[in-house]
Amino acid sequence: MPDQVPVVTPDRNELMQLVQQLHASASPWVPSGFGNHLHWGAALQPDAGPTLSMARINRVLQHAVDDFTVTVEAGLPLEQLQLVLAEKGQWLPLDPPVAGPSSIGGLVARGLSGRLQHHYRGLRDQLLGLSLLRSDGTAAKAGGRVVKNVAGYDLMRLFTGSWGSLGLISEITLRTMPLPQARRLLRVSGPLLQLQELRQHLLLRSPLALEFIQWRQGPGAAALMLGLVSLDNTELQHQQQQLLQLLPLGLELDHCNAEAEQPVAADQWLLRLGLEPVQVHSLLQSAAAMGWQLQLGAASGIGLGLAKLSEMAPYKVETLRRACKQFGGYLTVLQGPSQHPIAAWEDAPSRRVIEAVKYQFDPLQQLCRGRLPGVCSN
């Protein structure tokens, strides 16, 4: 986040009045969790105004252990919430943020589910309720604190991935899960064609309990990353033996250290890709020649692209975007150099609908000027 951008961190008693004051003066502003990822996505306009951070509004409001739900304020860090839930043998099945600490509200606003969505579904599917402040300071809510509550409009899905452009998320109710007792991360490497055959078998006919199955393409050969999960280590070992029996000749199985995953650094391109899952192996062949590192869900076709800024010119991002579109997909630039000509995202076919929804929630166009998902402002 640039140093010159003023940051306001109100407490929960000041929040509504501050938003109302900003609206009364028609002042632009930027909703934020910690502000660690405000440089992601489309660039904010120079007149976007101050950043309103939820960092001081960070309590766990209610943990209904028996109902497997938790309600939190939007500024609570994900890491802290996981520690609270673990004390009761539960967790929120979300991947750690790929680039440093993030608040729960920030995760919802960006709407970027990771590889665990293979087993637990995406972030928006784990939302049960949501409270927010509109740009004029009006409080609104949808859903509730129980799993079967379906009251009100589905603001949860609308606000997941809204990037702060529709309002400020203040409270969130989420579904929790029992904390797994045994996990194992495995890597299967070998020829791409045989990996594709293994992928199809694991997705269609495998008895394994997979938390995720993910394509990896790095400087070396492509590989499949498999996350096994079970109630105990004995069953986990049995699953690994089953996997060994499924491996065709030419493929190798190795154990990996889950802690070895490194967060994305500031000197890297960070891209969000999505395409038809059956086309991923074709994209891997193109991406390998270009030097990209890809992490794509083998079932969803959604994931990340990484490269050093110093090693990847902006035109190669456009080349990869064209390759994604060739296979029926898309590419979003989350992080790149401070000055580059690549649009973060392209216009969605529903651009007019997106702009109409934006106007209903923010008629004065105060929030996140220059950043509306699905609308290219470049």
If you scan segment 213-225, which residues turn out to be in contact (Cβ under 8 Å) with a residue 40 or more places away in the chain and either open to solvent by less than 40 Å² (accessible area, probe 1.4 Å) or in a strand (DSSP E or B) (or both)?
-> 213, 214, 215, 216, 217, 218, 222, 224, 225
Residue 352 vs (1) over 22 Å from residue 301 (Cβ atoms); (2) part of a loop (DSSP other than H, G, I, E, B): all pass except (2)
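Each row is one residue, and each column tells you yes or no for (1) under 22 Å from the mean Cα position of the chain (by Cα); (2) over 24 Å from residue 291 (Cβ atoms); (3) open to solvent by 10 Å² or more (accessible area, probe 1.4 Å); (4) not aromatic (Phe, Trp, Tyr).
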{"position": "167", "(1), (2), (3), (4)": "yes, yes, no, yes"}
{"position": "182", "(1), (2), (3), (4)": "no, yes, no, yes"}
{"position": "198", "(1), (2), (3), (4)": "no, yes, no, yes"}
{"position": "211", "(1), (2), (3), (4)": "yes, yes, no, yes"}
{"position": "227", "(1), (2), (3), (4)": "yes, yes, no, yes"}
{"position": "237", "(1), (2), (3), (4)": "no, yes, yes, yes"}
{"position": "252", "(1), (2), (3), (4)": "no, no, yes, yes"}
{"position": "255", "(1), (2), (3), (4)": "no, yes, yes, yes"}
{"position": "264", "(1), (2), (3), (4)": "yes, no, yes, yes"}
Can you tell me which residues in segment 296-313 are assigned to a strand (DSSP E or B) and open to solvent by less than 40 Å² (accessible area, probe 1.4 Å)?
-> 296, 297, 303, 304, 305, 306, 307
Answer yes if at least one residue in segment 49-66 is in a helix (DSSP H, G or I), without any contact (Cβ under 8 Å) to a residue 40 or more places away in the chain, of a type outside the set (S, T, N, Q) and over 28 Å from residue 341 (Cα atoms), and no otherwise.
-> no
Of the conditions (1) at pLDDT below 95; (2) assigned to a helix (DSSP H, G or I); (3) not basic (Lys, Arg), the single one that residue 16 does not satisfy is (1)
For segment 329-339, which residues satisfy the criterion of being surrounded by 15 or more Cβ atoms within 10 Å (Cβ to Cβ) and assigned to a loop (DSSP other than H, G, I, E, B)?
-> 329, 336
Just one of (1) surrounded by fewer than 21 Cβ atoms within 10 Å (Cβ to Cβ); (2) in contact with a strand residue (DSSP E or B) (Cβ under 8 Å, 6 or more places away or on another chain); (3) closer than 19 Å to residue 128 by Cβ; (4) in contact (Cβ under 8 Å) with a residue 12 or more places away in the chain trips up residue 82, so point out which.
-> (4)
Please tell me if residue 271 is closer than 16 Å to residue 328 by Cα, of a type in the set (A, V, I, L, M) and either open to solvent by less than 10 Å² (accessible area, probe 1.4 Å) or part of a loop (DSSP other than H, G, I, E, B) (or both).
-> no
Select from segment 274-295 the residues that are part of a strand (DSSP E or B) and surrounded by fewer than 17 Cβ atoms within 10 Å (Cβ to Cβ) and list them in ascending order.
-> none
Output the helices (runs of 4 or more DSSP H) that fall wholly within segment 95-204 and possess 2 or more residues being touching a residue at least 40 places away in the same chain (Cβ under 8 Å), or say none.
-> 104-110, 117-120, 155-159, 192-204
Could you say whether any residue in segment 88-97 is open to solvent by less than 10 Å² (accessible area, probe 1.4 Å) and among the small types (Gly, Ala, Ser)?
-> no
Within segment 110-131, identify whether any single residue is over 30 Å from residue 215 (Cα atoms) and either surrounded by fewer than 17 Cβ atoms within 10 Å (Cβ to Cβ) or of a type in the set (Ser, Thr, Tyr) (or both), and answer yes or no.
-> yes
Determine whether segment 239-253 contains at least one residue that is touching a residue at least 24 places away in the same chain (Cβ under 8 Å), of a type in the set (S, T, N, Q) and outside any helix (DSSP H, G or I).
-> no
Kindly list, by first and then second residue, each pair from a residue in segment 342-369 that is under 30 Å from residue 319 (Cβ atoms) to a residue that is open to solvent by 30 Å² or more (accessible area, probe 1.4 Å), limited to pairs with Cβ atoms under 6 Å and residues at least 6 apart or on different chains.
-> 342/314; 343/376; 343/378; 346/376; 347/376
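The values are calculated or read from the model by the stated rules, or taken from the named source; none is laboratory data. Source: prediction; values computed, not measured. Positions of Cβ are backbone-derived with ideal geometry, glycine not excepted, and every protein chain shown enters the neighbour counts. For accessibility, only protein heavy atoms count, side chains too; no ligands or nucleic acids. Shrake-Rupley method; radii C 1.70, N 1.55, O 1.52, S 1.80 Å.
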